[in-house]
Structures are given as structure tokens and as C-alpha cells.
Amino acid sequence: MRFIHTADWHLGKNLKGHSLIDDQAHILREFLKLVDDAKPEAVIVAGDIYDRGVPPVEAINLFDEVIFKLAEKKIPVLCISGNHDNAARLNFGSRLLKQTKFFIVTRPEENLPPVILQDKFGEIYFSLIPFCEPIEIQNKFAPEISERLTSDETNKIYLAAERKKIPNGRRSVAVAHLFATGGKTSESERKIVGTLDNVDAANFSGYNYTALGHLHKPQNMAKSNNFVRYSGSILKYSFDEANFDKGVTLVDIDGAGEISAEHVNLIPLHDVKIFSGTLKELLEYPKTHDYIHAELADKKYVLDAVGKLREAAFPNILSIRFAGLEKAAENHSDAQNLREGVSTLEYFADFFEHETNEKLEGDYRAAMEEFLKELETQAVAD
């Protein structure tokens, strides 16, 4: 069987206050083209369909359009909720949607059977494990335990219950949304403090393939007898993701349960890039409509730097950092610390050099020295 593993669509998300709904509509059109070309027998969406619990109308309409087109193609869709989704809202119509082979699970259920799909080799069992708080899983699967369990402990119990529903020797796939211990994070993910919400990838060892959502960088967590993987998000959702490849994972599982997984890039409407240099250097770049963060190397403040860059080269510049100015300030602070206890004149000389890149010498130094003496004389007289 061939299936596409995708996750973390975050429909309705903004980047630095800029709406990405057009970019998301474009990338999902690219996704549907891939579906036509790759001809998968199923599509997995491993959570975080929306960016927030109450998504904007445009995001809801976009998701509706995509699942309708997948239903038209008669491709089964296996979907779970993520930590950004509202489980109750996302569950609306789930029983009815099963008739179109759209399977969605948003809360833990003891008696929910796995989804069973068929290929030429036989049955494949899919366990859909939505994002849940540890206490929710504990109350459902281990209410007799009085002490509070960690996410790793509760997911181990949850997965053991799901494994019991799968006959021995059958090929199986898990779909989950969580933080697997050792995963590489990025700025756009909702941060989890500490390690209580970490889940060991070894908990999925009974499955041939585990399709994970939550982390936005495509990455393998295990690749031995069991294959545990994050597909990553479909778009770059922060500037620290500028060098990540974004897209989906194309997975093939053979009759023996052996896995072949390939990352497939999707071409965005706008890329996300970081440019560094002085204002003069950046103004000389060829014009691009990608989303830009500029690291300005100038050691002096530049008036309306964003406006100048937007007009000349980067119409979609979304943020800027005066890196050179910050470095100069650090150096100036260090210089002050090293020259602790010097005279007021020498402090001013440091400041003058920092602001002008020139030494305070000659007539300028003599004039300032005279001025400071007059101030001291006046202070004594008062």
C-alpha cells in the first residue's frame, strides 16, 4: 500500500501578523496535484489541521474543500486532532463522514476499533491516537491509578490497549500527535515546559510505521524494525525554519510490512528566507516576493530601514533585526566595563568613538575638557 503522511497544516496561521491563508490554499493545491501523480491508496493527516481552536471561516472553508476533493477521488483519509485543534468542534459530523471513508478521531475511546484498509497483500490496521492531555488518557484507560502519570506513561497504556485490537502478525500503522523524546523543535510549535509531556518513540515498536504530527521539521525518530517519523508542517511557519525542506512523506508498505518512506517537497507560493548584510548590500539584492527577515549589519541606526528595503528589494519583508547595532552596543558596554573608574571625559570619549567611529582628539577633546571643567566649577559654586 502507498499512502501520504502529512501533518501540521495550521490553517488560519499568521506569520509575523501576515495572513498565510493564500499560501495555504496554494500549497494544498500542490498537495492535491501530488495525490493525482503519486496515486496513494490513503492519506494520513496527523493533527493540527487548524492553528487555533476557533479557526477563521477561510480556514474552515479551505479544509472543507480539500477533504471534499479527496472524497471525490475516493481516497480514504485518516485524521486526528492535534494540540492546536478543538477536539469537540473537529469531531462534528465524524460518524457521517465515515461513509465517505473520512475517518477522524479527536478523543480517546476504549471501544473504538482500528481503521482497516485493504491492499493486494491483505489488511492493514490503522490506530488513530489523537492528542490528549495525560489526565484525559489516564481517566479513560487507567482510572484505578491514583498518582498522576506522565504523557509517556499514559501513552504507553493507550497504545497497549490499541495493540490488543490488532491480530498478531498483521501489518499496522499508528497515527499520533505528540512530542517524541529527542525530536528537533522550531519556534512555531507550541512550547511544552519540561519533559513530562515527552513520549518515547519505543512505545510504537509494535507498529510497522508511525505517522507523527506536532514537530514542524521532517525527521525520523526510529528506523529499524519500526519506522517512526514526523512529516513536518506543509509550510515554513517561522524564520528559524528557513532552511527546512517542507512537504509530505510518501510511504510504501509491502506485504512483509517493510517500509519505504520518501520526503516530497511542495513548492510554496512564497518562500521564507533570512538575508544578512548592511542596508546598502541588501538594497542591491534582486527583488523577491518571498517572506523576508533582514539581519541588518549596520552599526548605526538606519531611519525607515524596513520602508527602504520594502520599496527596493523585499515587498514582503516581515521583520528586521538591527544585529550590527546590538553588537556595537555590546562592544560599547564591554568597553565601559573594562574602563571602569575613568574620568567623565574618558567616558564621553568612549561614547564619541562609539557613535562616530572616530577618536575624540584635538580641538574637540580640548573643547569638551573645557566644558566639563566649567560644569564642575558651576557645581561647586551652587
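The values are calculated or read from the model by the stated rules, or taken from the named source; none is laboratory data. Since we're looking at a predicted model, the values are computed, not measured. Cβ atoms come from the backbone with ideal geometry, glycine included; neighbour counts cover every protein chain shown. Heavy atoms of the whole protein, side chains included, go into the accessibility calculation; ligands, DNA and RNA do not. Shrake-Rupley method; radii C 1.70, N 1.55, O 1.52, S 1.80 Å.
How large is the convex hull of the Cα atoms of segment 115-224 per residue, expressed in Å³ as a whole number?
So the per-residue Cα hull volume is 116 Å³.
Counting only heavy atoms of the protein chains, get the accessible area per residue of the chain (1.4 Å probe) and round it to a whole Å² value.
The answer is 51 Å² per residue.
Loop-only GluC sites (Glu not before Pro) in segment 117-154, please: DSSP not H, G, I, E or B, and at most 14 other Cβ atoms within 10 Å.
Counting only loop positions with at most 14 other Cβ atoms within 10 Å, the GluC sites (Glu not before Pro) in segment 117-154 are Glu144, Glu147.
From the square roots a ≥ b ≥ c of the eigenvalues of the alpha-carbon gyration tensor of segment 55-117, which class results: rounded (a/c under 1.5), prolate (a/b over b/c), or oblate?
It comes out oblate by the Cα gyration axes.
So how many Lys-Lys pairs in segment 10-150 land under 18 Å Cα to Cα, not counting same-chain pairs under 8 apart?
Number of lysine pairs found: 15.
For Ala222, list long-range residues whose amide hydrogen, built 1.01 Å from N in the peptide plane, is under 5 Å from its own amide hydrogen.
Here the answer is Val228, since their amide H atoms fall under 5 Å of that of Ala222.
Please list the three semi-axes, largest first and in whole Å, of the ellipsoid equivalent to the chain, using sqrt of 5 times the eigenvalues of its alpha carbon gyration tensor.
55, 25, 18
Expressed as a whole percentage, what fraction of the accessible surface of the chain belongs to carbon and sulfur atoms when a 1.4 Å probe is rolled over the protein heavy atoms?
Roughly 51 percent, rounded to a whole number.
Under 16 Å Cα to Cα from Lys217, which aspartates and glutamates show up? Leave out anything in the same chain fewer than 8 places away.
Hits, sequence-local ones excluded: Asp8, Asp48, Glu187, Glu189, Asp240, Glu241, Asp245, Glu262, Asp271.
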